[in-house]
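A.B. asks: One structure coming up, written as structure tokens, with questions to follow.
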Amino acid sequence: MTLSAEDCAPPASRRRISVLLELDQQVPAQGDLVLAAAMQLFTAADAVDLAIRLRGVPAPAESDAERLAARCATVCPHPEALPEIVLLAEQEEPDHPVVLTVEQTADVASTARSMILLTAVAQELWAGASTPPSPTRTAAPASPPATAQQAPRPGLVLRDPALGGTGTGGADSLADRLERLTSTARRQATQDSAHSDEQRDTDPDPSAGPRVPAPRPGQEPHATARPLITLREAALTRLAAVDRSRRTRLGTGAPVRAAVLVQHLDSWGALETIARALAAHPRVEADVVALDSALSRHPGETADVLAAAGWTTRDGAWLRAALPDLGVVVLCDGYDEFRPEGLRVPDFAAAGVRLVYSPYGTNIGGEQSQEERQYNGLLHNLAWRVFAPTTGQKDLFAQRCAAGDGHVRAVGSVKRERVLDLLTDPSPGAALRAATGAPRTVLWNPHFTIGEDGWSTFLTLLNPLLSYAASHRDLGLIVRPHFRLLVDLPRIPALAQVHRRFRQACETRRTIVLDDSRDYLAAFAASDAMISDQSSLIPEYLPLRRPVLYLHRPEGAPLNTDATFMAALPAAGTWPQVEAFLDQVRTGNAPVPDAEAVGAEHLGRGDTGAGERAVEAIVTDLFAELGLPEEQGQ
């Protein structure tokens, strides 16, 4: 199912691909559900052929095509929007590479899985577009005006030469028959993207502060494509089917089986207190699953790090085998491209597992593509519960997620719970602070988006920061980049020398320390202040009540509506502004963010116990949905 870079290139340069749908004519209702999803997800604008095989029909005749056209008409009233549809003989293969094969059977789980996989492929295609992905591509277009000459429309193609080849034009083409057979209208979805353009300055002022957009009270919720909502409904249907047996087991005292999936160790903080609370709950049997990824530094790294912290873990093979018995799977990101086949969001949803999402960070970026990735991905829509760190983040789900925010609970920041412990126990940072050998230390957090439209200041600030550190030995510099930066830099030939110089400076200069450990808590504890690009580490650092400087790149991404606290922080768009802040840190005069302006929620006042509250909600809501007595979930 994984697409290549060529498949996801801008439309003009993409190779053409095929999605193969195998329809069982004995179960038309289920088949139409999958067919509807395919037709709404892919349009004539995509380099995609929808290939269809009719089971039990080795050599389709024109009558088969007519019946299929009628079925298509009930789910797609505008044939000009259809992808190329290819009706295959039993032994025939499509002309273009098949990236996904889905089927319709009488099994509800199979149908749900097919719809989920179709959406996953479509989202990969949209994410690779030259403009930010917009699900409005699946909305039904307005009926075209009648004209004397109409452009040819994709039609149903009969691949058996004996049946007359293609039907893409002419009075008797299958496309025209399909249009005549139209009997239903597809629900149109809308996408409010104008705000993204409004938030970008045409001539940004380098010294200007961060842009915090005002909330849009009149915005229409669920302003996304219908297929995601349909997909969620299919997943919930599958869940309801599995719940019949689950209700019997739990009603007799069996525990809720839960798995916490850990893969990227940098995000372990978003899961740790949930894992502890699950393990401590009397009605839960919980396991922690350790998976490596392409970003792991050695085989078994995830399991090794968790074992060193006292955790016993399971592996991917165990999770695959346990899926039929699991009630809950907890994830902290929706990046299925890093997870192995069989352990991705579609697999969990199709198995009837309740997906729980604890976000790996508090997103503060407000660009449309950022918000789509953070609030309207496949996991966000198929999750049974999302535990948002703030009420503002919950509001962003209401605005951006096709499923809305009915499944979202604001319980406080699970990830920030650990940071609060540093207020009473700063010992995790002792070794790192000693390594700088300076009386005061500043933490630099550069992002990995170093491109023209990114928000990383790494390339701009590297030389002046290294020079400043060399001439001011009374201020230590801890460099803790986004982990992707250290992965990406060596792979860019033009930046190889920059990477070597950076590494050499960190190794040879006494007061400069590179922290590439998997946990940022030591860097937090060791620092007296932080300078940071746009990053979720900013709201995580705020509870320490230490100075923070926002490294604002004017041409980068704007801030979202939950990031109003950023207005309480000093921002720097030029080196002199950064230098002035560093001078203040050296002398102990750097400003601490005003508590009232930041707000109690972003200072972590409600974070203590967030993991326990999340687990309590999981168990209580699960038993309520199954209609079991509340006391059984205690």
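A.B. asks: Sorting check: for 580-591, 487-498, which peptide has the highest mean count of neighbouring beta carbons within 10 Å, and how do the rest follow?
C.D. replies: Most protected by this proxy first, the peptides run 580-591, 487-498.
A.B. asks: May I ask you to derive the relative contact order of the stretch 339-471, considering only C-alpha pairs under 8 Å and at least 6 residues apart, and to give it as an integer percent?
C.D. replies: Numbers: 117 pairs, mean separation 21.1, N = 133.
Computed over the stretch 339-471, the figure is 16 percent.
A.B. asks: Related question: Please list, ordered by chain and number, the residues whose modelled amide H lies under 5 Å from the amide H of GLU103; skip anything fewer than 5 residues away on the same chain.
C.D. replies: For GLU103, the qualifying residues are GLU22.
A.B. asks: Sticking with this structure for a sec: For the stretch 460-600, what is the accessible area per residue in Å², given a 1.4 Å probe and the full set of protein chains? Show your work: numbers first, answer last.
C.D. replies: Values: 5270 Å² over 141 residues.
I get 37 Å² per residue for this part.
A.B. asks: Moving to a separate point now. Give the separation of the Cα centroids, the stretch 88-103 to the stretch 564-626, in Å.
C.D. replies: Between the Cα centre of the stretch 88-103 and that of the stretch 564-626, the gap is 51 Å.
A.B. asks: With label points built 7 Å along Cα→Cβ from the Cα atoms of ASP453 and GLU507, find their separation and express it in nm.
C.D. replies: 3.7
A.B. asks: Now, a different point. What FRET efficiency would be calculated for the residue pair ALA580, LEU514, taking the C-beta separation as r and a Förster radius of 25 Å, to the nearest 0.05?
C.D. replies: Working: r = 25 Å, r/R0 = 0.99.
Computed FRET efficiency for ALA580 and LEU514 comes out at 0.50.
A.B. asks: Just order 365-373, 50-58 by mean Cβ neighbour count inside 10 Å, highest at the front, would you?
C.D. replies: Working: 365-373: 20.8, 50-58: 18.8.
Highest to lowest by the protection proxy: 365-373, 50-58.
A.B. asks: By how many nm would the segment from THR391 to ALA70 lengthen if fully extended, with 0.36 nm per residue of separation less the alpha-carbon distance?
C.D. replies: Details: separation 321, 0.36 × 321 = 115.56 nm, distance 4.71 nm.
That pair, THR391 and ALA70, stretches by 110.8 nm at full extension.
A.B. asks: For a protection proxy built on the mean count of beta-carbon atoms within 10 angstrom, sort 344-353, 308-317, 547-556 highest first, please. Display every interim value, and only then the final one.
C.D. replies: Details: 344-353: 24.3, 308-317: 13.1, 547-556: 22.4.
Ranked by mean Cβ neighbours within 10 Å, highest first: 344-353, 547-556, 308-317.
A.B. asks: What FRET efficiency, computed as 1/(1 + (r/R0)^6) with R0 = 60 Å and r the Cβ-Cβ distance, is obtained for GLU616 and ASP95, rounded to the nearest 0.05?
C.D. replies: On the way: r = 55 Å, r/R0 = 0.92.
After rounding, the FRET efficiency stands at 0.65.
The values are calculated or read from the model by the stated rules, or taken from the named source; none is laboratory data. Computed from a predicted model, the values in this text were never measured in an experiment. All Cβ positions, even for glycine, are placed from backbone atoms using ideal geometry, and neighbour counts span all protein chains on display. Side chains included, ligands, DNA and RNA excluded: accessible areas come from the protein's heavy atoms. Shrake-Rupley method; radii C 1.70, N 1.55, O 1.52, S 1.80 Å.
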